[in-house]
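The values are calculated or read from the model by the stated rules, or taken from the named source; none is laboratory data. Predicted model, so just to flag it, every value in this text is computed and none were measured. All Cβ positions, glycine included, derive from the backbone under ideal geometry; neighbour counts span all protein chains shown.
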Amino acid sequence: MVLGVIKIWCSDRHAKGAPITNSFQVIWKLSYSSKGVIHLSILDLNNYLPLVDRMESRCEDGLYPIWLLVNPKHPSVRLDIWNPIFNEIQDKVYRELHARINAETILIKNVISDIQLVPNTLNWWEDEVVEEIEIFRKSVLEHQPIILMTVGSFPYEFVRRVFEIEPKKGPKYWSNANLEDEFEQSIANFNTKKTNRLPLLRRIITDNFNEYSSLEYKENYFRDVGIKIADRIVEYKDSLNIWIE
């Protein structure tokens, strides 16, 4: 039984006092199960981000050399994870090149169109998920993005299956340590003649539960990852059509 719907408007603001660049709506559904449990789930994800593309307009993907895939269960990663990293990238790029990346050249997608199909084990991958992998594989082969970033475990494993990388892993395999190892390998082997898969962390935590230490840990992660991505962008600047004219 549906108890009600909650609509929350969110916005992007790259720095304190800066103008809002995008606004989007997240719609949550409150429901009551037969077992007496109240569930809170996202009802509509199409409105949460202007650049989210559910693959219907794949013909435009070639305009974007950088793609970012997010799990539809965690729409807040755009604000909580990607924005701080992108700010670090912009800062480093500007210091090196006195140029800025046009944020509109970065395509942000839900990794899958139906939130109910997001798997949490190795073997539970529905036929619909396999179909979406095939669709996405065709899009990647056709448009050849240079940088393909993912946030969290499921989007990264989805991309591994798009590229038919063996052995297949369950999302739970992808701990922060394993994702960070994959990121470092991808950065070390970066080449604009291929699609470079760069996994980003969704849950950035430290063993120290001190609030200040946790905040500092996150800021260090955003800075470290942002600088490493920016260094590759600077190195291959002439191969990336991403600049503000």
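Residues in the stretch 69-90 that are closer than 21 Å to SER239 by Cα and in contact with a helix residue (DSSP H, G or I) (Cβ under 6 Å, 6 or more places away or on another chain): GLU88, ILE89. The listed residues are LEU201, LEU141, LEU179, LEU215, and the only one of them that is hydrophobic (A, V, I, L, M, F, W, C), out of contact with any Asp or Glu (no Cβ under 8 Å at 6 or more places or on another chain) and surrounded by 14 or more Cβ atoms within 10 Å (Cβ to Cβ) turns out to be LEU179.
The selection criterion, being within 17 Å of the chain's Cα centre (by Cα), farther than 17 Å from VAL77 by Cβ and surrounded by 15 or more Cβ atoms within 10 Å (Cβ to Cβ), holds for ILE146.
Mind listing whichever residues of the stretch 68-117 are assigned to a loop (DSSP other than H, G, I, E, B) and either among the basic types (Lys, Arg) or surrounded by 20 or more Cβ atoms within 10 Å (Cβ to Cβ) (or both)?
Keep residues of the stretch 68-117 that are assigned to a loop (DSSP other than H, G, I, E, B), which gives 71-76, 98-100, 102, 111-114.
ASN71, PRO72, LYS73, PRO75, ARG100, VAL111, ILE112 - these are the residues of the stretch 68-117 that are assigned to a loop (DSSP other than H, G, I, E, B) and either among the basic types (Lys, Arg) or surrounded by 20 or more Cβ atoms within 10 Å (Cβ to Cβ) (or both).
When restricted to residues that are within 19 Å of LYS228 (Cα to Cα) and either touching a helix residue (DSSP H, G or I) at 6+ places or on another chain (Cβ under 8 Å) or acidic (Asp, Glu) (or both), the stretch 91-104 contains 9. Pairs are defined by a Cβ separation below 8 Å, a sequence spacing of at least 6 or placement on different chains, a first member in the stretch 87-106 that is modelled with pLDDT under 95, and a second member that is part of a helix (DSSP H, G or I) and of a type in the set (Asp, Glu); no pair meets this definition. Within this structure, ARG78 passes the test of being closer than 27 Å to LEU141 by Cα, of a type outside the set (Ser, Thr, Tyr), in contact with a Cys (Cβ under 9 Å, 6 or more places away or on another chain) and modelled with pLDDT under 95. Scanning the stretch 113-152 for residues that are under 28 Å from ILE204 (Cα atoms) and modelled with pLDDT of 90 or more yields ILE133, PHE136, PRO145, ILE146, ILE147, LEU148, MET149, THR150, VAL151, GLY152. Looking across the stretch 154-176, the residues that are of a type in the set (Val, Ile, Thr) and crowded, with 20+ Cβ neighbours inside 10 Å come down to VAL159, VAL162.
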